[in-house]
């Protein structure tokens with residue numbers, strides 16, 4: 001009579017490890033989706049009043065240029081906010097906010113943003129180092145706009161300029177379009193692949209042992 005000996009397979013820990021690594025990989029890509037810092041204008045915050053003037057680099061991640069008192073960071077008590085707690089208003093003609101971010105030369109990227117106006121029509125100029133494109137805010141209802149570009153440098157600067165005051169801006173994002181290499185979480189992909197290969201080899205080894213029993 002053949003004696004059967006049950007061996008607990010170590011394949012389960014490998015599977016669990018692979019799940020963790022896959023989740024980490026997905027999280028890394030999600031965290032890096034928007035190449036901009038503070039694209040939703042959620043920092044800094046304020047607790048008194050309905051708006052606050054910010055100049056220079058007081059708006060986290062961004063640099064303000066232009067006259068007047070600065071850009072206006074406002075909440076829903078001032079005018080409608082598209083998402084989160086705050087949106088930005090550019091008051092004076094040719095005042096702007098800008099931010100530089102890393103790009104891969106020859107890579108394709110998408111710029112997206114939501115735009116409205118203080119009351120009647122406003123115009124926002126948007127550029128990434130080339131000719132400025134103009135977009136209109138018709139009223140206080142936000143409209144989403146986007147366009148694609150090919151990076152020609154390892155650093156690209158996005159500039160948003162008030163052409164006709166007062167544009168209201170929110171949810172600004174720059175995303176790499178599929179196919180653009182991203183070296184950030186690449187080591188995780190290699191780790192997952194190695195994990196799966198190791199798990200397969202152990203499973204195959206135990207299958208072979210069972211068939212010889």
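Please enumerate the residues belonging to segment 81-99 that are exposed (fewer than 15 other Cβ atoms within 10 Å of the Cβ) and at negative phi.
At the first step, the residues of segment 81-99 found to be exposed (fewer than 15 other Cβ atoms within 10 Å of the Cβ) are 83-84, 93-94, 98.
Selection gives 83, 93, 98.
Can you tell me how many residues in segment 66-79 are under 15 Å from residue 166 (Cβ atoms) and either in contact with a helix residue (DSSP H, G or I) (Cβ under 8 Å, 6 or more places away or on another chain) or surrounded by 15 or more Cβ atoms within 10 Å (Cβ to Cβ) (or both)? Lay out the reasoning, then the answer.
First, the residues of segment 66-79 that are under 15 Å from residue 166 (Cβ atoms): 66-74, 78-79.
Now drop any that are not either in contact with a helix residue (DSSP H, G or I) (Cβ under 8 Å, 6 or more places away or on another chain) or surrounded by 15 or more Cβ atoms within 10 Å (Cβ to Cβ) (or both), which leaves 66, 68, 70-74, 78-79.
Within segment 66-79, residues that are under 15 Å from residue 166 (Cβ atoms) and either in contact with a helix residue (DSSP H, G or I) (Cβ under 8 Å, 6 or more places away or on another chain) or surrounded by 15 or more Cβ atoms within 10 Å (Cβ to Cβ) (or both) number 9.
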Single residue of 157, 140, 161 found to be surrounded by 16 or more Cβ atoms within 10 Å (Cβ to Cβ), touching a strand residue (DSSP E or B) at 6+ places or on another chain (Cβ under 6 Å) and either touching a residue at least 40 places away in the same chain (Cβ under 8 Å) or closer than 13 Å to residue 88 by Cα (or both): 161
Selected residue [under 25 Å from residue 175 (Cβ atoms) and more than 20 Å from the chain's Cα centre (by Cα)] from 119, 108, 132, 98: 132
Filter result for residue 189 (modelled with pLDDT under 95, surrounded by fewer than 19 Cβ atoms within 10 Å (Cβ to Cβ) and either part of a loop (DSSP other than H, G, I, E, B) or in contact with a strand residue (DSSP E or B) (Cβ under 7 Å, 6 or more places away or on another chain) (or both)): no
Residue list for segment 116-127, filter: part of a strand (DSSP E or B) and under 12 Å from residue 165 (Cα atoms): 116, 117, 122, 123, 124, 125
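The values are calculated or read from the model by the stated rules, or taken from the named source; none is laboratory data. Predicted model only: the values in this text are computed from it and were never measured. Please note: Cβ atoms are built from the backbone with ideal geometry, for glycine as well, and neighbour counts cover all protein chains shown.
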